[in-house]
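The values are calculated or read from the model by the stated rules, or taken from the named source; none is laboratory data. On a predicted model such as this, the values are computed, not experimentally measured, just so you know. Don't worry about glycine lacking a Cβ; one is built from the backbone with ideal geometry, like all the others, and counts go over all protein chains shown.
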Amino acid sequence: MINRQNGSAEESHFHWIKDGEKFALIGLDVPVEPEFTEMVLDDGMMALADRSFELPDYWKNWLGSIRVEQINECTLFLLAKCESQTVGIVDGEDKSLISKVGHWMMGLCLSQKISVTEAIFQAVGHCKGGKIDIRNFSSLVPPLGSIVSEFGPIGEERLICAANIAGGLHEITDKEAAYWRLLRCLHIYQEARSQRDILDRVHQFTRCIEGLIVPTQGNTKSQFKSRTELFIGPKHHELMGKLYDVRSDVEHLHENKLLEQFDRDQRIEIAKLEAVSEWIARSCLTRILLSPQLRVMFGNVMNLNSFWALDPEQRRMVWGDPVDPMDTAKQFNFSYITNSALGSRVQE
């Protein structure tokens, strides 16, 4: 469990870093709660709003105006840092910090369906002799929005939740033999969040869910509807059947059935299915990562088969209460969505 620290470490001119520390930093442009300024968690993790992040002047010459502008547009900075005896030397500490802040970013994506319009940046460096040096600066693929998105601002509660999810990610990293299936589902989910095409997103989110239920060959659709009862309850077979049909149409290049002619109602239905598939995948992955027991049970195919062989009541006791699959879509007002946003090429 990640806890917020009371008080802070010895500060330098740039209060977010001390002399003799290494850091890995991710900056992104997302809505942030107005009252949020900064938060220090244990294990060297820190989050800062834009007004709390100080940019050394000499970065501007080293990085160039375009990258500096990219930094200035960020509203939130996620930071992992550590004291180091090898400041100035790139080694395993740097790799560990990159992994830690990357997991926090992934945790944030799993805690909320955030969208970032501009590329996210990642900087890795250190502070030595009072000077902050950047060893690597790169752009990361951002999570993109969709028709149904969550626009709530990010604050302490969301960041702590994301950090706890990141703790679960840390436990399974570099342990592919035990957690290959779960890591694969996480990768598919992350890739789907960066897709612009809504049908590709539905396809990949549904594959992610499918990866958690290990259906038997030839019985996939039936088990997709029955086994997902554990995640969303028993009254959604028709909904899950529609979701699986769209997944199959994309898988077998039959998208023309859905897109060849513009039909507003059908396009809205696809947008709802994207929201449903994303929410089910995200809520499942979050629950699994936050539970040591579920991480093991959903880690690989052998353990998954053992889990699904349990008595249904045993599975429910281990898993917990289902979620409402329509949580993210049911309060969304589609009347405000234009035909153009739904893919129509006819000018309105």
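Brief remarks on what is shown
- Apart from one condition, SER65 fits all of (1) polar (S, T, N, Q); (2) farther than 27 Å from HIS170 by Cβ; (3) touching a Phe, Trp or Tyr at 6+ places or on another chain (Cβ under 8 Å); the exception is (3).
- The number of residues in segment 61-79 that are at pLDDT 85 or above, in a loop (DSSP other than H, G, I, E, B) and either more than 24 Å from THR37 (Cβ to Cβ) or touching a strand residue (DSSP E or B) at 6+ places or on another chain (Cβ under 7 Å) (or both) comes to 2.
- For segment 194-224, the set of residues classified as under 23 Å from ARG267 (Cβ atoms) and among the basic types (Lys, Arg) consists of ARG196, ARG201, ARG207, listed by residue number.
- Residues (buried (at least 18 other Cβ atoms within 10 Å of the Cβ) and part of a helix (DSSP H, G or I)) located in segment 80-97: GLU93, ASP94, LEU97
Conditions tested, residue by residue: (1) exposed (fewer than 15 other Cβ atoms within 10 Å of the Cβ); (2) touching a residue at least 40 places away in the same chain (Cβ under 8 Å).
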position	(1), (2)
SER111	no, yes
GLY125	no, yes
GLY130	yes, yes
SER138	yes, no
SER149	no, no
CYS161	no, yes
ILE172	no, yes
TYR179	no, yes
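- Boolean, CYS161 is touching a Gly at 6+ places or on another chain (Cβ under 6 Å) and at negative phi: no
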